[in-house]
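Remarks on the structure that follows.
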Amino acid sequence: MLCAVITDDNLKKIEEANQLADLIELRIDLFKKPTLKKIQKLRQACRVPVIFKGGERFLSCQPDYVDLPYESDPALFEKCRGIKRICSFHECEKAPEKLDFIFNRPAEIYKVATMARSSIDVLKMLLFVKEQKKPVIGICMGELGTATRILAPVVGSPFTYAPIDKSEQCAPGQLTLQELAQTYRYRELDRETELYALIGNPVHKSPSHLVHNIAFGEFGLNAVYVKMQVTPEELPAFLPLARKVGFRGFSVTMPLKEQVIPLLNKIHDDVGAINTVLFKRKKGHGWNTDGRGALDAIERVENVRGKRMVLLGAGGVAKGIGGEAKKRGAQLIILNRNLSRARDLAEELGGEAANMADFPVVAEQGYDILVNCTPTLPIDPDDLLENRLVMDVISNPRETPLLFAAKEKGCRTVSGYKMFILQAVEQYEHWFNIQG
């Protein structure tokens, strides 16, 4: 269920909440001057079950639920018998290792909200909720913890809290009622829902959650897709926990495309980088769909066989794209700020290598296609050659500064968004056996 959070005594917001939500929480603790008359009027306007938070002195208005802080006088929990009690614990500084202390209070529902310091904290919270026999709402606050709000029905939480619009946010990381209901199809999620996620750092600009969740709905899949920020240091602990929570697959972005390989059981594409993971029969499988997605996007514009292709970067993305480009007959020139990494990749793929700072020299020698495989703009766009083909792997925004500059020089351009869509099609073949 979705619970609308109301932070002031505005009857119009109550009417909106009646239309959008399954419950309403009146944050009486945030009202400026709550009076019995005002609270009675608001309570009467609610046509769905109501939670009072900070409104113990207004219990005569007969809320369906009352939120009682764990630190409250134990006598208050006894006083509220007859109303469904939510015992809540908030920790805004860190995530305690042990959370089951909350069950020391008598309540019908328990709520634990802690600050997420990493996605490891998020997984621990989801696992804690999933393993409880009593109804528990587990929330990790902050942008890192958004997944706990989305996945509540999947781990058995009775409901999640959401404002009507962004201006009503009263806790970091909250999504609006509309975002949860439409983007994530919240009301369709249940304990059988399959979990997928984008992992990497950063992930906030990726449109993957929009694209995948729309596709899941179109295909009639009981699945949901979230984004989780994960660093290379966190990855070894993250994957086993994610499997316990129930995650079935991942899209892997920078900087994890190489680091994830030794943590999997079966690698199906030998290019030195993985962007697609599936857990099946207790084994982790990995593929690289980046390369085929990128080359398919490029070859819709120009065939690469025999063409000189410059790759900016020598990381996981460049490995995937370079490996596929080599298979299709391109002549590769790898540029990287760290020349030794460029040389290593060039040796592996049978290409040339140069320092990123030497791009003007490389340009003078000529190229047909340039692909930026980095998250930034590592060259001066004034050095681009005219009338070539230029691709940027960045998917958001669709027209990057590099692509804009390339168009100014008469170049044909390929957006990273096209690559993203094409590689996602292949991901579905691996995740769901759906042919593109």
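Expressed in nm², what is the orientationally averaged projection area of the convex hull enclosing the Cα positions of the stretch 184-261?
5.2
Grab the Cα-Cα distance for K94 and F404, subtract it from 0.36 nm times how many residues apart they are, and report the gain in nm with one decimal.
Once the chain is fully extended between K94 and F404, it gains 107.3 nm.
Once you have the Kirkwood Rh of the stretch 58-116 from its Cα pairs, apply Stokes-Einstein at 4 °C and 1.567 mPa s and quote D in µm²/s.
Approximately 107 µm²/s, per Stokes-Einstein.
I want to check the label-to-label distance for E56 and K166. Put each point 7 Å from Cα in the C-beta direction and report it in nm to one decimal.
3.7
Given that compact globular proteins tend to follow 2.2 N^0.38 Å, what is the ratio of the alpha-carbon Rg of the stretch 246-344 to that value?
Output field value: 1.14.
Using the basic label-point model (7 angstrom from Cα toward the beta carbon), what is the Q19 to K244 distance in nanometres?
A separation of 4.4 nm, rounded to one decimal place.
Tell me which of L335, M309, M141 sits at the most positive position along the dipole axis of the chain, charges placed on C-beta atoms (Lys, Arg +1; Asp, Glu -1).
M141
Please arrange V317, V211, V129 by how many other C-beta atoms lie within 10 Å of their C-beta, fewest to most.
By the 10 Å Cβ count, ascending, the order reads V211, V129, V317.
Which value in Å is the Kirkwood Rh of the chain over different Cα pairs?
Taking the inverse mean of 1/r over all distinct Cα pairs, the chain comes out at 24.0 Å.
How many percent of the alpha carbon pairs in the stretch 158-207 exceed a separation of 18 Å?
Pairs farther apart than 18 Å: 46 percent.
Cα centroid distance between the stretch 338-374 and the stretch 18-39, in Å?
Measuring centre to centre over Cα atoms gives 61 Å.
Is there a pair in K133/K266; K94/K130; K33/K130; K33/K166 whose C-alpha atoms are over 31 Å apart, and which pairs would that be?
K133/K266; K33/K130
Along the principal axes of its C-alpha atoms, what lengths does the stretch 178-316 span, in descending order and rounded to whole Å?
52, 33, 27
Which of N18, I120, F103 sits closest to the plus end of the dipole of the stretch 1-190, meaning its Cα is farthest towards the positive end, when Lys and Arg get +1 and Asp and Glu get -1 on the C-beta?
Toward the positive end, the furthest listed residue is N18.
Could you give the longest part of the chain that holds none of the GluC sites (Glu not before Pro) found in DSSP loops with at most 12 neighbouring Cβ atoms within 10 Å?
Longest site-free region, per DSSP loop and neighbour criteria: 234-385.
To the nearest 20 Debye, how big is the dipole of the stretch 258-317 about its Cα centre, given +1 on the beta carbon of each Lys and Arg and -1 on that of each Asp and Glu?
For the stretch 258-317, the charge dipole is close to 300 debye.
Report, for the stretch 288-419, the % of DSSP beta bridges that are antiparallel, rounded to 5.
Antiparallel bridges make up about 0 percent of those DSSP assigns within the stretch 288-419.
Binning every alpha carbon pair distance of the stretch 1-190 at 5 Å from zero, what are the percents per bin?
Answer for the stretch 1-190: a P(r) of 1, 8, 17, 20, 21, 17, 10, 4, 0, 0 percent.
Which Cα, out of L377, F89, I39, lies furthest along the positive dipole direction of the chain (beta carbon charges, K/R +1, D/E -1)?
Going by the charge dipole, the pick is I39.
Please arrange L345, L127 by how many other C-beta atoms lie within 10 Å of their C-beta, fewest to most.
Fewest-to-most Cβ neighbours within 10 Å comes out as L127, L345.
List the aspartates and glutamates whose Cα sits under 18 Å from the Cα of K98, skipping any in the same chain fewer than 8 residues away.
The reachable aspartates and glutamates, counting only those whose Cα sits under 18 Å from K98, are E71, D121, E131.
For the stretch 217-283, which trypsin sites (Lys or Arg not before Pro) are both in a DSSP coil and crowded by at most 13 other Cβ atoms within 10 Å?
Those satisfying the criteria are R281, K282.
May I ask you to compute the full-extension gain from M1 to E386, defined as 0.36 nm times their residue separation minus their alpha-carbon distance, rounded to one decimal in nm?
The M1-E386 span can extend by a further 133.0 nm.
List, in order, the whole-Hz ³J(HN,Hα) value for each residue of the stretch 187-193 obtained from phi through the Karplus relation with A = 6.51, B = -1.76, C = 1.60 and θ = phi - 60°; use x for Gly and Pro.
With coefficients 6.51, -1.76 and 1.60, one gets 6, 8, 7, 8, 5, 8, 5 Hz.
If you wrap the stretch 359-423's Cα atoms in a convex hull and average its projection over all directions, what's the area in nm²?
4.1
How big is the Kirkwood radius of the stretch 292-419, worked out from every pair of different alpha carbons and given in Å to one decimal?
14.0
Please report Rg (one decimal) and Dmax (integer) in Å for the Cα set of the stretch 231-277.
10.3, 30
If you take every DSSP beta bridge fully contained in the chain, what fraction is antiparallel? Give it as a percent rounded to 5.
Around 10 percent of the beta bridges assigned by DSSP in the chain are antiparallel ones.
Where a Cα-Cα gap under 20 Å defines reach, which lysines qualify for K79, not counting those fewer than 8 residues away within the same chain?
K53, K111
If you place +1 on the Cβ of every Lys and Arg and -1 on the Cβ of every Asp and Glu, how big does the dipole about the Cα centre of the stretch 349-436 come out, in debye to the nearest 20?
380
How do V203, V252 rank when sorted from fewest to most other Cβ atoms within 10 Å of their own Cβ?
Taking fewest neighbouring Cβ atoms as first place, the list is V203, V252.
Using unit Cβ charges (K, R positive; D, E negative) and no other charged atoms, how large, in debye to the nearest 20, is the dipole of the stretch 1-190 about its Cα centre?
Its charge dipole is roughly 500 debye.
Within the P(r) computed for the stretch 18-121, what percentage of the Cα pairs occupies the region above 18 Å?
52
No lab work stands behind these numbers, since they all come straight from the coordinates. Keep in mind the model is a prediction, meaning the values are calculated, not measured. Note: ideal-geometry Cβ built from the backbone for every residue, glycine included; neighbour counts use all protein chains shown.
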